[in-house]
Every structure is written in structure tokens, then in C-alpha cells.
Amino acid sequence: MQTAEAVWQQRHPRHNFEERVILEAWDMLLPNLQAGLIDPGEFLNNLSVREDDELVWITITGKSVVLLPRVLYNLHKRNMLYGLRDLLIGHHERFRPLRMLSPEADDILVPGQQVTIRWSTVPRIGRMLEQQCGTRLQDAKLEIGLLIPGQSMARMPFEANISAATPFYDPCVGNGNDIGGSFTWTVPEQLMPHGVLNGDFWISARLLTLDDAIGQYVPYNTTGDPRQLRPVEAAGPPQGGFQIINTVATTAPQ
């Protein structure tokens with residue numbers, strides 16, 4: 001028995017079935033994606049992407065690298081999905097190939113507290129990265145830093161001020177479908193370039209792979225051009241920052 005897709009394709013040989021399904025449903029999908037009723041990352045993961053080369057790197061807001069199924073990318077290039085660019089700009093953290101899982105939005109941390117930083121990705125993205133860079137995610141590393149939510153990377157470039165290189169893979173992280181890792185961080189009272197830690201923050205991370213030529217782990221570059229670095233990054237929590245409350249900064253001198 002032929003599938004509904006095969007029958008439709010026979011009757012409409014000049015059209016693409018997946019594109020038509022997305023276009024027909026876009027009026028319902030977009031407002032739900034914008035309102036957060038549908039998680040953007042899960043939406044992309046659930047699209048019918050049969051081969052790893054059907055995933056495309058694109059750059060949003062100058063530096064943020066996100067991953068789109070080619071069917072969405074082609075519609076985006078032809079300006080057929082109104083609102084998609086604004087959605088990617090407004091929620092680019094959720095479309096990044098790496099997802100920060102913790103700390104979570106509205107968590108309150110204090111200096112001296114031990115915090116588990118966790119991240120994940122889906123196996124399909126892992127396979128694609130392995131094909132492109134020749135490194136298994138189990139052998140890759142992450143550099144991790146602290147950011148102020150909404151801070152421009154041009155004004156305050158990324159610094160690995162939490163961990164310069166920690167293993168990406170931890171078999172205890174993930175839900176059976178995703179793979180990821182964790183790092184235990186003891187919150188300090190001060191951290192450069194922020195000084196005394198007090199206020200709202202994000203965790204940011206960049207994927208590192210081994211450069212055999214120099215024998216060191218370096219940020220994986222999605223462009224393939226060493227003159228134009230576009231690393232695989234994660235930042236979160238995507239729903240908002242967590243707080244660090246520091247009594248050194250909040251207590252008035254006696």
C-alpha cells in the first residue's frame with residue numbers, strides 16, 4: 001500500500017510534500033511557537049529529517065549559529081514563512097544545536113554553593129557534527145563561561161571563566177533520546193570580567209574539538225574558514241536568567 005505522501009507526490013509531481021504540509025500548518029504553528037506553547041527545539045526535532053545532510057547551519061543576529069532542517073531553510077530563503085526570522089531572532093537560544101538544561105530560570109544561587117551545569121543535544125545533531133569534524137561527541141569538550149543576559153558579545157566577548165575544557169559527554173545526562181554532560185561549579189564571590197557576582201546571569205558554552213595539527217582542543221568552527229569563527233554555542237536558561245545573590249554586594253557596611 002502506498003503512503004499518503006507517495007500518493008500526493010504522484011498527483012503533484014512539481015511540488016514538495018513536506019513543504020506543502022508546513023505551509024498549510026504555518027498559520028497555526030507560528031503563534032504557538034511564539035507563545036511558547038510548542039517548544040521550538042522539539043518542533044525542529046520532530047520534523048521529518050531523514051538524512052543528516054538535510055540539516056543546515058545558518059547564522060542569526062550576526063553570531064548565533066542555529067540549525068534548521070533544509071525544508072525550513074528552503075522556505076525561509078524563498079520568504080515563504082512569514083515570521084520565521086523574527087522567531088529565530090527572538091528564540092535563537094532554543095534553536096541552537098546545544099541546549100543548556102541547568103541552572104534553570106529563576107534559580108537563586110549564592111557564593112560557595114555547588115551547582116550542576118547540564119547540557120544536551122539530540123543524537124542526529126551529534127552524528128552530523130561527527131561527520132563534519134571527525135570527532136565523536138563522546139571525545140569532545142566544552143568551554144563554559146558566565147554571561148549577563150542580553151549582553152552583546154561584541155561588548156563583552158565570551159570568556160571560559162568557569163571551565164576551559166570539560167568533557168562533553170556524561171552517560172548520566174539525557175532522557176534516553178538526548179545526549180549531554182554536566183559540570184559541577186562552586187559559585188565564587190568574584191569572577192572576571194564581572195567582578196563581584198550579584199544579579200542576573202546566563203551560562204554560555206562552546207563546543208571544542210581536537211585539532212590534530214596542534215594537538216589542542218579548539219572551538220569547532222561551522223564555517224570551515226579560520227578567518228571567520230562561528231562556533232557551536234549554547235546559552236541559557238532560555239526562559240530567563242538565574243540570580244546570584246552576594247551578601248558582599250548587598251550588605252551595607254556597618
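Please treat every number below as a calculation from the coordinates, not as lab data. What you see is a predicted model, and the numbers here were worked out from it, not measured in a lab. So basically every Cβ, Gly included, is an ideal-geometry build from the backbone, and we count neighbours across all protein chains shown.
General observations
- Ranked list, fewest to most other Cβ atoms within 10 Å of each Cβ, for ILE203, ILE89: ILE89, ILE203
- Likely footprinting exposure, GLU18, GLU233, fewest C-beta neighbours within 10 Å first: GLU18, GLU233
- Among TRP119, TRP57, TRP202, sorting on how many other beta-carbon atoms sit within 10 Å of each Cβ, with the fewest leading, yields TRP57, TRP202, TRP119.
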